[in-house]
Structure formats: structure tokens, C-alpha cells
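All remarks here apply to the structure that follows.
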Amino acid sequence: MENLKINYMKKLFIIFLLNIVCFLTTSFNQKEQNNLENGFYYLSENEKDSKLVNDINPNYNIVYGIEKNPILTSSDFLDVAISNETCINEKSDDRAIDINLNESGRKKWKVAKKILTKSNESFVLIFENKVILVMDHCSHGELELLKIHIHLNNKNVKLFSSTINQEIEYYKLNNSKK
């Protein structure tokens, strides 16, 4: 009788452990599936086919619907650098960022720029699953074909620059092995 109780307790404990493992695996898989690559995305007008992304500033409490397919990601960049340019508003913590595009990125950016200048389309820059910049048809003057020059109102500009440059290096290493 005692052996039956012990076996029953062992089985319950194993079932309990399996449930925890399944729960954790499901949670991590869902989190991974919701992650977006850092890069530029179009704002979506169709809520059904979009992903919802929060603004980086929690004070704004804004949620954006964005298209699931990126316009540009780190694989389309040559490098990202913090510009030496000073901002017009000296009290602002804005910093200018220069994103240099590779050949693939220039082609994609050329298409995106045409769409942006000819329509009321808008797009966003996603960093670590947050919207850090919204660009619309009024912004297209700064959008060159070889470089994207943007101002970020974010105290984490160095983090953005170093993270994206690490991603660029990762893409370079993986493509050189092929």
C-alpha cells in the first residue's frame, strides 16, 4: 500500500513538472513570435493583418498597428553612427543618427521613399519591439538614397547605435560563411 502511494506521488510530481515545462516553453515561444526585427515598417491601416506595437515613451500610451513585413532591417544597413550634428533646439535631448545603407537597402529605400513622397503613407522605426520614431510624407526631405539621417528623441541613442551595429556584424559574419 505504501509503495502505491509513493508511485502515485511520483506520477503527480512528474505531471506537475511536465506542465510547468510546457507552460514555460509556450510562453517563450509566444514571446519570440511577437518579436519584430529592428528596422523600418509601414503603419498598417488594416488592424487584422497588423502587429500592435507600443511607443517607447510610456507617457504617450500610444499603440501603433504596423505591417508585419519590414521595409528595412539591420541586414540592409552598412553601419549606424551618431552624428556630430547639433540639434536646433539645444534643450532637446534629440540626437541625429546616420544609417548608411548597403546596395540591397538602397533599392528597398528607393521604393519606400517613392511610396512615402507620393502618398500619405507613414512608417515607423522599431527598436526592441517599441516604436522610437514615426515618419510621414512631411519627413521625406531628409531621406537620401545612401543614408538615412534621422533625429531620435531618445536617451538610449548609444544603445540603439551599438545594438544595430552588432546586428549588422552578425549579418556580415553569417553571409560571409555562405
**Prompt:** Between residue 115 and residue 48, what is the FRET efficiency for a Förster distance of 22 Å, r being their Cβ-Cβ separation, to the nearest 0.05?
**Reply:** 0.55
**Message:** What figure, in Å² to the nearest 10, do you get for the accessible area of residue 42 with a 1.4 Å probe and non-protein molecules left out?
**Reply:** 30 Å²
**Request:** List every residue whose amide H lies under 5 Å from the amide H of residue 72, counting only residues 5 or more places away in sequence or on a different chain, with H placed 1.01 Å from N in the peptide plane.
**Result:** 40
**Solvent-accessible surface ranking, highest first, for 76, 49, 136 at 1.4 angstrom** = 49, 136, 76
**Fill in**
Taking placed amide H atoms and a strict 5 Å upper bound, the residues 5 or more places from residue 102 or on another chain that come that close are 77, 78
**Prompt:** Under the Karplus relation 6.51 cos²θ - 1.76 cosθ + 1.60, θ = phi - 60°, what is the ordered set of whole-Hz ³J(HN,Hα) values for region 162-167, x standing for Gly and Pro?
**Reply:** 5, 5, 5, 5, 5, 5
**Item:** Distance between modelled label sites at residue 156 and residue 83, nm, 7 Å Cα→Cβ extension
**Value:** 2.2 nm
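The values are calculated or read from the model by the stated rules, or taken from the named source; none is laboratory data. Note that this is a predicted model, so its numbers are computed, not measured. Every residue, glycine among them, receives a Cβ derived from its backbone with ideal geometry; neighbour counts consider all protein chains shown. Surface areas here come from the heavy atoms of the whole protein model, side chains and all, with no ligands, DNA or RNA. Shrake-Rupley method; radii C 1.70, N 1.55, O 1.52, S 1.80 Å.
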